[in-house]
1. Considering each of A:ILE188, A:ILE226 in turn, give the residue that is under 30 Å from A:VAL162 (Cα atoms) and of a type outside the set (Gly, Ala, Ser).
2. So if I check each of B:LYS112, B:LYS160, which one is touching a Pro at 6+ places or on another chain (Cβ under 7 Å) and at negative phi?
3. Looking at this structure, is A:ALA92 modelled with pLDDT of 90 or more, closer than 27 Å to A:VAL171 by Cα and in contact with a Leu (Cβ under 9 Å, 6 or more places away or on another chain)?
4. Consider the stretch A:189-244. How many of its residues are among the hydrophobic types (A, V, I, L, M, F, W, C) and either at positive phi or within 13 Å of the chain's Cα centre (by Cα) (or both)?
5. Is it fair to say B:ALA146 is of a type in the set (A, V, I, L, M) and within 17 Å of the chain's Cα centre (by Cα)?
6. Give the number of residues within the stretch B:25-51 that are over 14 Å from the mean Cα position of the chain (by Cα) and either modelled with pLDDT of 90 or more or among the β-branched types (Val, Ile, Thr) (or both).
7. Given the conditions (1) surrounded by fewer than 17 Cβ atoms within 10 Å (Cβ to Cβ); (2) over 30 Å from B:LEU129 (Cα atoms), and given that B:GLY72 satisfies all but one, which numbered condition is not satisfied?
8. Only one of B:SER186, B:SER216, B:SER209 is of a type in the set (S, T, N, Q) and within 13 Å of chain A (Cβ to nearest Cβ). Can you tell me which?
Amino acid sequence: MTLARIGVLSLLALALGAGIAGLAGSGSLLGVLTQAVIYAIFALGVGVLLRQSGLVSFGHALFFGAAGYGMGVVLALDWMPAEAAIPVVLLAIGVLAFLIGLVIVRVPGIAFGMLTLAIGQMAYLLAFRARGLTGGADGMGIHWPATLFGYSQSALLKPATVFLIAWVSMVLTTVLLLFILRTRFGAITEAIRDNEERARFIGIGTTAPRAAVYALSAVVAGIAGILSSLNTGFVSPENLHWSVSAITLLMVIVGGFEKLAGPIIGAIVYVMFKDLLGGYATHSMALFGAALIAVIVFSPHGIAGALERLYIRLRHGPGVRRESV
Amino acid sequence: MLSIHLFNGLVYGALLIVMSSGLALIYGLRRVVNFAHGALYMLGAYIGYSVALRSNFWLALLAAPAAMAVVGLLLDRYGLRLLQDREPLTVMLVTFGLLLILEDLVAFIWGKGNHSLFTPDLLDFPVHLLGHEVPAYRMGVIAVGALVAVGLTLWLRLSKIGLYVRAASTDPVTSAMQGVDTDLISAVVVGLGSALAGLAGVVAAPFLSLSPHMSSDVLIDSFVVVVIGGLGSLAGAFAAALLLGMVQAIGAVYMPGVSVLLPFIFMIAILICKPSGLAGSRT
């Protein structure tokens, strides 16, 4: 993607967000949309790891939940103002994930997924146990200060404002990731993903770049976690549970992980679908399971892949092959 | 005090042997990390519960594995065989989708509340063991674990079909060229593995409670066992299951604060020292 195109698309995306915030009048719809956008950022984190390193994480709820708990603990103990706490918590998550990554990216394939699952479940159980700090199973409320970045809390927590904050964060995160992946770092990680042995032959150390992608994806999940804690004012061990990681992975696969837009589409479709069904069916998970299987079997590149194919067919007529994946 | 905990560790280890041997067999042949295994365990427990309420426990002990064997055959024929050329991640997520569907199905049929199954009369008495009283039923669970371990090992080592299974697990293409019917072999293995999940479910029903979320804990512990043992290795899984049961039991005595974390710490420690697991992976 050229720079000009990224610029135009991100401006369009920002305008689209403003349009949605203006049009979606009812508070409940905006609430659902906000949740969808927050999950979209979370899924973007899981997706970028899969896209860039071929690594499947079953434990990214760790970083999503840790961001919420991090904010909650820092604000409760009053260590620093909230404006400073946000970057500090994200940095801490990045460092933590890089250190974990240095150890676990050495383990190939499925075992890596199981390790992330294990580490995530450890965090889940720890949050349960550390009642004094985290409130255990009851979760903890997050005491955001009365004013944040100069805006009063009541102004910030209007449904339309929260939605716009989440939407702008999503667009900025996507643009930032696009830029990071265009650099030499992006090229190196792709080389390692495609053939680790050859990457080593040409003198690239393979552990640190993969750990860095892991850390990057963790920070993105952490951004989603902080937004979620702003949106709900609450964090509980449920945020850390492995099923949250698995559902997010499901969003990524349904959306398609080869494009950055895929996880975003997947998350928004998932949350909207769940909200639509929630009123009618108590057995929505079975429908998701069925939808997941259908998408995987019939559209291996996810919704984003199917849309791209459709676009190419509309533009170039039938019979033209997809050039890039 | 410690010996009773070791005994309970052995009971849980035996359950994990039954559960994870099915996972390891299916992984060995199909290279699939089967999330649906947890759902089959749960279905086995619930079907066992319903059958035992209407007739008796011993019929349930036969009916649940038999029903799961049928489900396994269907899963292999209309799932895994059709997806065998796809990415392992894809197939893994299909089995995850199946887990979601089956969990909802169980909640739909049996409700979301907890159930518990009575201990069969025949084994409902205490046994004196090393100065402790232990329920005879738990001795029975250990016996089932031992039977499964010995039975599977003998079957794989001595029977002709066992030889085919080992051949197809090592190299399916070459085995097929040598005239092994690999589709039949994988139907047998997935059917048997699923029956073992059903067996684990019905055996666990009298001492673990039944709920639509019961699959999660045992499934994760079984993954830990299979990964520690070395993916696809049966002997490694047996050793890892017993070790994990013991680690949890000893941890509950000496480190009660962190005992729930021990399986994971144990797995991380082993994988960092030996990334391919205790027995070494065949992939």
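1. On the way: A:ILE188 fails: under 30 Å from A:VAL162 (Cα atoms).
Going through A:ILE188, A:ILE226 in turn, the sole match is A:ILE226.
2. Testing whether each residue is touching a Pro at 6+ places or on another chain (Cβ under 7 Å) and at negative phi leaves just B:LYS112.
3. No, not satisfied.
4. Residues of the stretch A:189-244 among the hydrophobic types (A, V, I, L, M, F, W, C): A:191-192, A:199, A:201-202, A:204, A:208, A:211-213, A:215-216, A:218-221, A:223-224, A:226-227, A:230, A:234-235, A:240, A:242, A:244.
Narrowing further to those that are either at positive phi or within 13 Å of the chain's Cα centre (by Cα) (or both): A:215-216, A:218-221, A:223-224, A:226-227, A:244.
Matching residues across the stretch A:189-244 total 11.
5. Yes.
6. 7
7. Among (1) surrounded by fewer than 17 Cβ atoms within 10 Å (Cβ to Cβ); (2) over 30 Å from B:LEU129 (Cα atoms), B:GLY72 violates only (1).
8. Exactly one residue qualifies, and that residue is B:SER216.
The values are calculated or read from the model by the stated rules, or taken from the named source; none is laboratory data. Computed from a prediction, not measured in an experiment: that's the story for all the values here. Cβ sites come from the backbone with ideal geometry, for glycine too, and all protein chains shown count toward neighbours. Surface accessibility is based on the protein's heavy atoms, side chains included, excluding ligands, DNA and RNA. Shrake-Rupley method; radii C 1.70, N 1.55, O 1.52, S 1.80 Å.
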